[in-house]
Amino acid sequence: MTIDQLLMECVDRGASDLHLAVGRPPALRLQGELHATEKSETTAEEMDRLLGSLLEPGQREEFEQRRSLDFGYSLPNGERFRVNAYYQRGQTALAIRWLDSRFRSLAELGLPERLAELARLQHGLVLVTGPTGSGKTTTLSSLRRPRLRNSGPRRDARRPRRHPRR
């Protein structure tokens, strides 16, 4: 089994996460519940090979030094993932989150359309909270998308503004 095959199974089954640990079969998180796949238990050698296929040159050393590493990974078909490699009981383990790129409307998420009013507020603070995997980012995306679509060109808020020298 290759990491790309496991990740495609994650996408095909609509799992939010893929969990890999030595001595356990790969597990998929489906609707918040972990389900072991029917694959055999992952050996230390397999885990080393799977991790190696995800890492860029130089990341192995960083992982060994820090004992944990977060990074992104993309399949050739464009599906994207957020990867957390870490040590569990002295063995390498992986938690991989699928970053589903499909836009969902508030209705598709089962949220009231009144929530769209939050995206139009000019002042104040709106908090979207919840446990990992509960849909915070998806909710914010569904609130921001109509606003972004209607606003024309925007400057990326993460990029610092350049001010002319005086």
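Considering only segment 105-135, how many residues are over 25 Å from Arg82 (Cβ atoms), out of contact with any Lys or Arg (no Cβ under 9 Å at 6 or more places or on another chain) and assigned to a loop (DSSP other than H, G, I, E, B)? Counting residues in segment 105-135 that are over 25 Å from Arg82 (Cβ atoms), out of contact with any Lys or Arg (no Cβ under 9 Å at 6 or more places or on another chain) and assigned to a loop (DSSP other than H, G, I, E, B) gives 7.
In the set Arg102, Arg82, only one residue is closer than 20 Å to Ser134 by Cα and part of a strand (DSSP E or B); that residue is Arg82. In segment 124-132, the condition of being aliphatic (A, V, I, L, M), within 24 Å of the chain's Cα centre (by Cα), loosely packed, with under 13 Cβ neighbours inside 10 Å and more than 30 Å from Thr2 (Cβ to Cβ) is met by at least one residue.
The residue list Glu64, Glu79 contains one member that is among the acidic types (Asp, Glu) and in contact with a helix residue (DSSP H, G or I) (Cβ under 6 Å, 6 or more places away or on another chain), which is Glu79. Looking at segment 92-99, can you tell me whether even one residue there is within 23 Å of Leu34 (Cα to Cα), assigned by TED's automatic domain parsing to the domain that holds Glu9, assigned to a helix (DSSP H, G or I) and at pLDDT 95 or above? Scanning segment 92-99 turns up no residue that is within 23 Å of Leu34 (Cα to Cα), assigned by TED's automatic domain parsing to the domain that holds Glu9, assigned to a helix (DSSP H, G or I) and at pLDDT 95 or above.
Residues in segment 48-79 that are exposed (fewer than 14 other Cβ atoms within 10 Å of the Cβ), part of a strand (DSSP E or B) and not acidic (Asp, Glu): 3 in all. For segment 48-72, which residues satisfy the criterion of being touching a residue at least 40 places away in the same chain (Cβ under 8 Å) and within 16 Å of the chain's Cα centre (by Cα)? If the condition is that a residue be touching a residue at least 40 places away in the same chain (Cβ under 8 Å) and within 16 Å of the chain's Cα centre (by Cα), then Leu54 is the only one that fits.
Of everything in segment 22-34, what is loosely packed, with under 12 Cβ neighbours inside 10 Å and over 22 Å from Tyr87 (Cβ atoms)? Give them in sequence order. Residues satisfying the conditions are Gln31, Gly32, Glu33. Checked against the criterion of being modelled with pLDDT of 95 or more, out of contact with any Asp or Glu (no Cβ under 6 Å at 6 or more places or on another chain) and either outside the structural domain of Leu50 (by TED's automatic domain parsing) or surrounded by 11 or more Cβ atoms within 10 Å (Cβ to Cβ) (or both), the candidates Ala85, Ala119 yield just one match: Ala85. Among the residues of segment 104-116, which ones are within 30 Å of Ala27 (Cβ to Cβ) and exposed (fewer than 11 other Cβ atoms within 10 Å of the Cβ)? Passing the criteria: only Gly110. Answer yes or no: is there a residue in segment 39-47 that is among the acidic types (Asp, Glu), more than 30 Å from Lys136 (Cβ to Cβ), modelled with pLDDT of 95 or more and assigned to a loop (DSSP other than H, G, I, E, B). Looking for residues that are among the acidic types (Asp, Glu), more than 30 Å from Lys136 (Cβ to Cβ), modelled with pLDDT of 95 or more and assigned to a loop (DSSP other than H, G, I, E, B), one finds at least one in segment 39-47, hence yes.
The values are calculated or read from the model by the stated rules, or taken from the named source; none is laboratory data. Just so it is clear, the structure is predicted and the values come from calculations on it, not from any experiment. In this analysis, Cβ positions are derived from the backbone assuming ideal geometry, glycine residues included, and neighbour counts consider all displayed protein chains.
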